[in-house]
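Reading through the structure tokens given below for one structure.
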């Protein structure tokens with residue numbers, strides 16, 4: 001059973017907005033702009049922004065593809081987490097960082113919707129955090145399966161937005177809202 005987090009302190013978690021991840025994602029320019037809006041709103045409200053970067057055999061640590069897209073960068077003192085698995089929680093210090101900050105509510109944005117955003121969203125809910133997915137600030141690529149079937153990126157994005165609106169966990173809240181509707185002052 002998850003520990004339900006008492007209180008109402010938000011963080012913005014920006015996941016894998018790296019050059020090699022964002023290069024071929026659906027509507028990446030708009031998504032990056034929306035993430036930038038969310039980051040500015042969080043900073044203005046005094047809400048911590050945590051940046052997550054993935055590395056593996058295909059996304060080599062410290063390579064040009066591993067770096068964050070130029071439009072998005074951590075401010076002085078903002079926390080950076082490096083991960084090797086889809087969930088931002090697995091084998092990272094994220095839970096310790098969130099505990100130190102007193103965080104109870106995670107606002108989530110980034111890429112890729114079907115892998116790291118989905119895994120991190122469920123990881124947050126499983127660990128007792130409230131969750132807000134910014135529905136127009138996450139993206140992925142269209143999937144082409146071996147049998148020629150395509151799963152369009154927009155459908156994957158819509159699916160997770162719907163799931164995060166309807167899935168329920170005891171003692172937690174979760175929702176998907178647009179970046180224009182995010183009010184960090186109401187989450188703190």
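Computed from the coordinates by the stated procedures, all read-outs in this text should not be read as laboratory data. Every value quoted in this text rests on a predicted model; they were computed, and no experiment measured them. All Cβ positions, even for glycine, are placed from backbone atoms using ideal geometry, and neighbour counts span all protein chains on display.
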Expressed in nanometres to one decimal, the distance between label points 7 Å along Cα→Cβ at residue 56 and residue 181 is 3.2
Residue 3 versus residue 65, label points 7 Å from Cα toward the beta carbon: distance in nm? 3.8
Neighbour-count ranking [beta-carbon atoms within 10 angstrom, fewest first] of 166, 51, 26: 166, 26, 51
Out of 106, 151, 81, a Gaussian network model of the chain with alpha-carbon springs under 10 Å gives the largest mean-square fluctuation to 151
Per the 1/(1 + (r/R0)^6) rule, R0 = 41 Å and r from the Cβ atoms of residue 165 and residue 82, FRET efficiency to 0.05 is 0.85
Cut-off is 10 Å between beta-carbons; in what order do 177, 39 appear when sorted fewest neighbours first? 177, 39
Proxy exposure order for 186, 125, 143 (fewest C-beta within 10 Å first) is 186, 143, 125
Everything considered on the Cα gyration tensor (a ≥ b ≥ c; rounded for a/c under 1.5, else prolate if a/b is larger than b/c, else oblate), the chain must be described as rounded
Between 153, 75, 111, where does the largest GNM mean-square fluctuation fall for the chain, given springs only between Cα atoms within less than 10 Å? 75
Estimated distance in nm for a label pair at residue 44 and residue 154, the labels positioned 7 Å out from Cα along Cα-to-Cβ: 2.9
Computed over the Cα atoms, what is the radius of gyration of region 14-88 divided by 2.2 N^0.38 Å, N being its residue count? 1.08
